[in-house]
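J.: Please read through the structure below; I'll follow up with questions.
None of the figures in this text is laboratory data; all of them are computed from the coordinates on show. Owing to the predicted nature of the structure, the values given are computational and were not obtained by experimental measurement. Glycine also receives a Cβ, built like all others from the backbone with ideal geometry; neighbour counts cover every protein chain displayed.
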Amino acid sequence: MLREIYEPKIVGFFCNWCSYRAADGAGTARIKYAPNVRVVRLMCSGRVDPAFVLKALALGADGVLVAGCHPGECHYIEQNYKTMRRFAMLQHTLTALGISARRVRLVWASAGEGAHLAREIDRFVEDVRTLGPLHWQTQLAEPDHTAEIDRILVEHAEAMEVGR
Amino acid sequence: MSDKGTLAIYWAASCGGCEIGILALNEKILDVAAAFDIVFCPCIMDTKARDVEHMPDGHIDVCLFNGGIRTSEQEYMARLLRQKSKVLVAFGSCAHEGCIPGLANVTNRQSIFETVYLDSPSTDNPGRTLPLPEVQHNGFHLALPVFYDTVRTLGQTVKVDYYLPGCPPEADRVWDAVVAILEGTLPAPGSVIGAQTTVCDECTRTRSEKKIKAFKRTWQVWPEESQCLLEQGLICCGPATRAGCQSRCPTVNSPCIGCYGPNAGVEDQGARLITALASVIDSNDAEEVERIVREGVPDPVGTFYRFSLAHSLLRRAALVPDEERHELPLPRAAQ
Ligand code: FES
């Protein structure tokens, strides 16, 4: 039997001022990197509500990459420190929920570090590849009991002589 | 027939506290009885599911449904009461967001059965019998409800008209809802009946700058009585929890544990709480932060999602944790 082809689906949240420009720069410099990351540009990594990451995972992402300016270089002074603290709590929580902390990663990249960011993306994609698909919606799928419940409804109605 | 309205009160995966929450209306319960005939409430009256099955659709004016959906029987009752009720209210934290029964979403049916029927010290089950949904016995076919792996909220099961949060809902908020129903001043269908803001907005403690080097657990400190509990290092869910209780727990020197669910506009209470706590940790050093979190929050799911796991974005823990998968890497796409 043919096994399913697996290309990790990764959502990236990149800060406008550094990492998004780094990714742009990598493109301009024709540096090759894995095409698995769908990037969402935000003004700052501090804008990344942990709910964004959870939602991405819940809706089918296999991993989430957050990228921001280096510590001390955030354009909104110290928001990326908050990102770092949130990230620690998020990873701690995901681990407790049986989701590997390796499915989410936080990287710092300044506007000039296109090559560095490209390398980080490649490494992350390979790491998520070894973890395999997350397929969160299948974790939530209960066998469908609709038919059974409809049968109970009919049985009750007959036994209780509803409508007679 | 009287010209009173009809009221149903039902319980699913819950503890019975919501019925007590209704009784906490005290003498106002007489006003409720004057306005409504209670047509179905297994907690206090001898009424059966079959009585509901006999009713025409939409016969019940208001159904207060408490409890989450853990079994096929509860799902059946949820659907039946939806069909028979004009207004279906998810009453209390369990129906609204899973509550404590929903915390069992960190595990699954198999391990719950093993704990309850095999492993618990008080269990004597030499035949290692586990409940089955169907069994043949002496020529009879016997059936039990199917026990699900995942607790769902009422809103994840059927269409809900209103949500009344709280574990249990505060009597004053229940009364507000009764008045809104009687006077026809209900908000838009699908909304939460209650406050929009957070517990912090009702809390009278003084707040100043929050800088925390270590989280403490309630048994480790005797909190000072006027200062914000979070500033004292206790994890208080106030910043991520809907107001409505007059900040009942902080008032008696105990941190909020989040029973009113997320405040308006917040989808995931745990994520909101993580955001709030990240702002107060006093360290910019990744390793130190990691240590503060690990040592200060030994049970992140029970701390951030004590009442709202079933209602959160992920809803449950992985059925097969990443750590337990042993698949070979799948083939990649051709370059
Ligand atoms: S502006 Fe880049 S992380 Fe804040």
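J.: Rounded to two decimal places and with Rh computed the Kirkwood way over Cα pairs, what is Rg over Rh for the stretch A:10-137?
T.: Answer for the stretch A:10-137: 0.95.
J.: What shape does chain B have by the C-alpha gyration tensor, where a ≥ b ≥ c are the square roots of the eigenvalues, rounded means a/c under 1.5, and otherwise prolate means a/b greater than b/c and oblate the rest?
T.: Oblate, since a/c reaches 1.5 and b/c is not below a/b.
J.: Give the angle, between 0 and 90 degrees and rounded to the nearest 10, that separates the Cα long axis of helix A:146-159 from the longest principal axis of the Cα atoms of chain A.
T.: Around 20 degrees separate the two axes.
J.: Right, another one. Calculate the all-directions average of the projected area of the protein assembly as shown's alpha-carbon convex hull, and give it in nm².
T.: Its Cα hull, projected and averaged over all orientations, spans 30.0 nm².
J.: Does anyone have the angle between helix A:19-28 and the longest principal axis of chain A? Alpha-carbon axes, 0 to 90°, nearest 10?
T.: 70 degrees
J.: Determine, for B:43, B:245, the number of other Cβ atoms within 10 Å of each Cβ, and report the residues in order from fewest to most.
T.: Lowest to highest Cβ neighbour count: B:43, B:245.
J.: Any of A:55/B:216; B:4/B:84; B:28/B:48; B:84/B:159; A:9/A:55; A:55/B:159 with alpha carbons more than 20 Å apart? Name them for me.
T.: Beyond 20 Å between Cα atoms: A:55/B:216; B:28/B:48; A:55/B:159.
J.: If I model a spin label at residue A:154 and residue A:126 as a point 7 Å from the Cα along the Cα→Cβ vector, what separation in nanometres do I get?
T.: About 5.8 nm, to one decimal.
J.: Could you pull the Cα extents of the stretch B:212-335 along its three principal axes, largest to smallest, in whole Å?
T.: Computed over the stretch B:212-335, the largest-to-smallest principal extents equal 64, 33, 26 Å.
J.: Right, something else. What net charge is computed for the residues neighbouring residue B:161, neighbours being all others with C-beta under 14 Å from the C-beta of residue B:161, Lys and Arg scored +1, Asp and Glu -1?
T.: Once positives and negatives cancel, what remains is +3.
J.: For the stretch B:70-122, what's the radius of gyration and Dmax over Cα atoms, in angstrom?
T.: According to the Cα coordinates of the stretch B:70-122, Rg and Dmax are 14.8, 47 Å.
J.: Using a Gaussian network model of chain B with C-alpha springs under 10 Å, which one of B:234, B:130, B:81 is most mobile by mean-square fluctuation?
T.: It is B:130.
J.: Net charge around residue B:128, counting only other residues with Cβ within less than 15 Å of its Cβ (Lys, Arg = +1; Asp, Glu = -1)?
T.: That works out to -3.
J.: Taking 0.36 nm per intervening residue step and subtracting the Cα-Cα distance, what contour gain separates residue B:130 from residue B:226 on full extension?
T.: 29.4 nm
J.: Quick one: of the DSSP bridges fully inside the protein assembly as shown, what percent are antiparallel, nearest 5?
T.: On the way: 8 of 46 bridges.
If we restrict to bridges inside the protein assembly as shown, about 15 percent are antiparallel.
J.: Going highest first, how would you order B:277-283, B:249-255 by mean Cβ packing within 10 Å?
T.: On the way: B:277-283: 19.9, B:249-255: 16.3.
Ranked from most to least packed, the peptides come out as B:277-283, B:249-255.
J.: Follow-up. What number, rounded to the nearest 500 deg cm²/dmol, is the helix-based mean residue ellipticity at 222 nm of chain A, given -39500 (n - 2.57) per DSSP H run of at least four residues and division by all its residues?
T.: -14000 deg cm²/dmol
J.: Alpha carbon centre of the stretch B:206-239 versus the stretch B:56-98: separation in Å?
T.: 38 Å
J.: Assuming R0 = 25 Å, what is the FRET efficiency of residue A:38 and residue B:325, from their Cβ-Cβ distance, to the nearest 0.05?
T.: Details: r = 24 Å, r/R0 = 0.96.
For R0 = 25 Å, the calculated efficiency reads 0.55.
J.: Would you calculate the separation in nanometres between label points at residue B:254 and residue B:57, each defined as 7 Å from the Cα along the Cα-to-beta-carbon direction?
T.: Between residue B:254 and residue B:57, the label points sit 4.6 nm apart.
J.: So what are the ³J(HN,Hα) numbers for the stretch B:7-13, from phi and the Karplus equation (6.51, -1.76, 1.60; θ = phi - 60°), rounded to whole Hz, Gly and Pro as x?
T.: 10, 10, 10, 10, 10, 10, 6
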